[in-house]
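Before any comments, here is the structure.
Nothing in this text is a laboratory measurement; each read-out follows from the coordinates by a stated rule. Computed from a predicted structure; not experimentally measured. A quick note on method: Cβ atoms are made from the backbone with ideal geometry, for glycine too, and the neighbour counts reach across all protein chains shown.
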Protein chains: 2
Amino acid sequence: MNETIKKQLNHRTIRSFKDQPLKKEELELLIDVARNGPTSNFQQQYSIISITDPAIKQALTNIGGQDYIANNGHLFLFVVDQNRNHQICKAQGVETNYSGYTEKFIQGFSDAMIAAQNIVVAASSMGIGSVYLGSILNDVDQIVELLNLPQYVYPVVGLALGYPNQEPQIKPKLPRNVIHMENTYQVLSDPLTTLKDYDNKVNQYYDLRNSNQRTDFFTKQILDKIGNTKPKRITNIASIKKQGFMVEDK
Amino acid sequence: MNETIKKQLNHRTIRSFKDQPLKKEELELLIDVARNGPTSNFQQQYSIISITDPAIKQALTNIGGQDYIANNGHLFLFVVDQNRNHQICKAQGVETNYSGYTEKFIQGFSDAMIAAQNIVVAASSMGIGSVYLGSILNDVDQIVELLNLPQYVYPVVGLALGYPNQEPQIKPKLPRNVIHMENTYQVLSDPLTTLKDYDNKVNQYYDLRNSNQRTDFFTKQILDKIGNTKPKRITNIASIKKQGFMVEDK
């Protein structure tokens, strides 16, 4: 047990920030933490874009449908970046479509998420809160246009950071023996019984976003979110291909 | 600056472990750190599988072609897991193919990577080293069979952990102004000039794996790995679809 782990065990997503912008040195330190993380095959297939232009921030807010995107925190966007390495090859006289293979998309996606989570942990150690914004993927084509993303670049996730202006409860997570298995995948049997205690814990949790209303059972939330709601980002495969990826499928 | 960030800035991948297995309590703590990370839309769409069976470990070593997979460290596999939530819906009388949409694959992939990197950072704070093993994706279909992965589950990355038996140099990373941009994507112009200093730094770095040989310039490595080498995991899209994902494409 140490300070790093204590902070990780007590992680809470922060959706409201104080009116205190992050300093330039803080941002540079966070980017350096990201840069120094591991990357797939030492190819560094990701980039980080800071969104500081209020008009772009507002456009992302509209895409994500989450007011707090435009709030006073700092906004990072993490992208799969195969364009940089493609340029490096091109400058040496070699141009292929290899940068667009699914393998490269997946490696870049992994690199981007490692960089993002590294920043989340580092920020937390500095007293800075964060919220991931997957909602930016609601309209990838518009993001591509707004940020001028070229071929072989694809948005992975947004991350807003700032000094916490709220102190949410810690959300109860699925039990260890449900998340973790040994050697063989264990299909969850009898979910409603197995997760009964967990459901009750989630039901006790007061979600700040819902003005202190009790939250639904976890199993009920999943039914509503996954069983009864069709995924909305059905154009994502088309957008991925439009950016030049998954070429071996063509 | 604090201990968490110091460790993150000094991250090195460890590929050789002492003959000192991780204790049960250490592993449980690491899994708890993973569990307490953020997940997409609070849906916890990932699972962690510990590979302890020597026969499976050996099979993964053969797939990855990296001897150190079978070494004495602990081996985690992180997977996209939409099967669990699918079972939760099914138990409540709702069965759809929504779990197989690309959106769910991407959310699960993000969750899995957040869990993995959370463990990397926590382990490092405990003096435990780690190495990501993307190489397990060389043969996804075999992994599926070995670990009995059902529909809506897909392997993301392996992670081997253990007490370091080596002290590699810190690898020089791409400069901040290359990885980080503001508002608009900046295509890397004149790569060989822009990265000249960085190339020289990489060239100074002695890679322990190559018995103290100098490493190539970064731009040369990228040319060899990306420009002149066709990606080998060309069956990954088919494997993703075989696991029930990307259904809106069908």
**Asked** Which shape class applies to segment B:3-161: rounded if a/c is under 1.5, otherwise prolate when a/b exceeds b/c and oblate if not, where a ≥ b ≥ c are the square roots of the Cα gyration tensor eigenvalues?
**Response** oblate
**Helix-only CD estimate at 222 nm, as mean residue ellipticity for chain B, using -39500 (n - 2.57) per DSSP H run (n ≥ 4)** = -11000 deg cm²/dmol
**Item:** J(HN,Hα) series, segment B:184-193, from Karplus relation 6.51 cos²θ - 1.76 cosθ + 1.60, nearest Hz, glycine and proline x
**Value:** 10, 5, 9, 5, 5, 9, 6, x, 5, 6
**Item:** 3J(HN,Hα) from dihedral phi, segment B:13-20, Karplus parametrisation 6.51/-1.76/1.60, rounded to Hz, x for glycine, proline
**Value:** 6, 10, 10, 9, 10, 5, 7, 9
**Item:** Placed amide H near B:Thr215: partners under 5 Å, 5+ positions off or other chain
**Value:** B:Tyr205, B:Asp207
**Prompt:** Hey, rough spin-label estimate for A:Asn72 and B:Ala238, points 7 angstrom out along Cα→Cβ, what's it come to in nanometres?
**Reply:** 5.6
**Request:** Starting from the Cα of A:Gln166, step 7 Å toward the Cβ, then list every residue of segment A:120-140 with an amide N under 12 Å from that point.
**Result:** A:130-131
**Fill in**
Heads up, segment A:69-214 by the C-alpha gyration tensor (a ≥ b ≥ c square roots of eigenvalues; a/c under 1.5 rounded, else a/b over b/c prolate, else oblate) looks oblate
**Prompt:** Amide H to amide H under 5 Å from B:Tyr46: which residues, 5+ apart in sequence or cross-chain, H placed 1.01 Å off N in plane?
**Reply:** B:Asp81
**Asked** For A:Asn83, what charge total do you get from the other residues with a beta carbon under 13 Å from its beta carbon, if Lys and Arg give +1 and Asp and Glu give -1?
**Response** +1
**Item:** As computed over the protein assembly as shown, the Cα convex hull volume per residue (Å³)
**Value:** 134
**Message:** Using a 7 Å offset from Cα along Cα-Cβ at A:Glu26, what residues in segment A:144-182 end up with backbone N under 14 Å from the label point?
**Reply:** A:160-166
**Complete:** A:Lys57 neighbourhood, Cβ < 13 Å, K/R = +1, D/E = -1, net charge -3
**Asked** Where in segment B:102-145 does the label zone of B:Thr229 land, with the point 7 angstrom along Cα→C-beta and an amide N cut-off under 18 Å?
**Response** B:132-140
**Complete:** Around A:Tyr98 (Cβ within 13 Å, Cβ-to-Cβ, excluding A:Tyr98; K/R +1, D/E -1) the net charge comes to +2
**Asked** Scanning chain A for helices, which whole DSSP H stretches are 24 Å or more long along the axis (Cα) and average -0.5 or more by Kyte-Doolittle?
**Response** A:102-125
**Prompt:** Counting only residues 5 or more places away or on other chains, whose amide H sits under 5 Å from the amide H of B:Val157 once H atoms are built in the peptide plane?
**Reply:** B:Phe78
**Request:** Kindly give the distances from B:Lys23 to its copy-mates, label point to label point, with each label point 7 Å from Cα along Cα→Cβ, as nm values to one decimal ordered shortest first.
**Result:** 3.9
**Request:** Rank-order B:98-110, A:219-231, B:142-154 by packing density, defined as the average count of other C-beta atoms within 10 Å over each peptide's residues, highest first.
**Result:** B:98-110, B:142-154, A:219-231
**Request:** Would you mind getting the Kirkwood hydrodynamic radius of segment A:126-169 from its Cα pairs, rounded to one decimal in Å?
**Result:** 12.4
